[in-house]
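The values are calculated or read from the model by the stated rules, or taken from the named source; none is laboratory data. If you're wondering where the values come from, they're calculated on a predicted model, not measured in any experiment. Virtual Cβ from ideal backbone geometry, glycine too; neighbours counted across all protein chains shown.
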Amino acid sequence: KQGSGFSFIDLAGDRAGLRFGKTAIASPAEARKLQKRMFNIKDYTAFMPEVRDLPENMSNKVFKQQYDSVYSTKYQTMIKKIDQRIANLEIYKQPSL
């Protein structure tokens with residue numbers, strides 16, 4: 001009740017972490033590939049998408065006004081946008097090692 005409000009930035013971090021975890025445990029071979037990719041990264045942008053343009057700190061009232069619910073087309077479009085950014089990250093775009 002005293003949080004900063006709904007944040008697509010936080011949601012992007014959650015979804016990036018889920019993608020990373022799923023990739024890491026997909027198989028022993030995928031885990032090794034991911035370890036090798038992580039060894040070569042320069043900074044967090046290899047596994048965390050750009051988020052500075054995403055809405056955050058929305059009160060429940062503002063969220064409902066702008067997105068209605070998590071089932072709305074507008075909300076689902078934001079989720080797809082975030083997931084596409086994650087899919088395009090360096091760590092997932094590198095060729096298999």
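Here the condition is being of a type outside the set (Gly, Ala, Ser), crowded, with 17+ Cβ neighbours inside 10 Å and out of contact with any helix residue (DSSP H, G or I) (no Cβ under 7 Å at 6 or more places or on another chain); of Phe8, Phe20, Phe39, it holds for Phe20 alone. Across segment 44-70, the number of residues qualifying as loosely packed, with under 15 Cβ neighbours inside 10 Å and under 18 Å from the mean Cα position of the chain (by Cα) comes to 7.
Consider segment 1-32 and keep the residues that are in a helix (DSSP H, G or I) and of a type in the set (Gly, Ala, Ser). The one that is nearest to Ala87 (Cα to Cα) is Ala16. Going through Leu89, Leu34 one at a time, which residue ends up being touching a residue at least 24 places away in the same chain (Cβ under 8 Å), surrounded by 15 or more Cβ atoms within 10 Å (Cβ to Cβ) and within 12 Å of the chain's Cα centre (by Cα)? From the options Leu89, Leu34, the qualifying one is Leu89. Taken together, Phe47, Phe6 contain a single residue that is modelled with pLDDT of 90 or more and in contact with a strand residue (DSSP E or B) (Cβ under 6 Å, 6 or more places away or on another chain), which is Phe6. Hey, does segment 50-61 have a residue that's more than 18 Å from Asp10 (Cα to Cα) and either touching a residue at least 60 places away in the same chain (Cβ under 8 Å) or assigned to a helix (DSSP H, G or I) (or both)? For segment 50-61, residues more than 18 Å from Asp10 (Cα to Cα) and either touching a residue at least 60 places away in the same chain (Cβ under 8 Å) or assigned to a helix (DSSP H, G or I) (or both): present.
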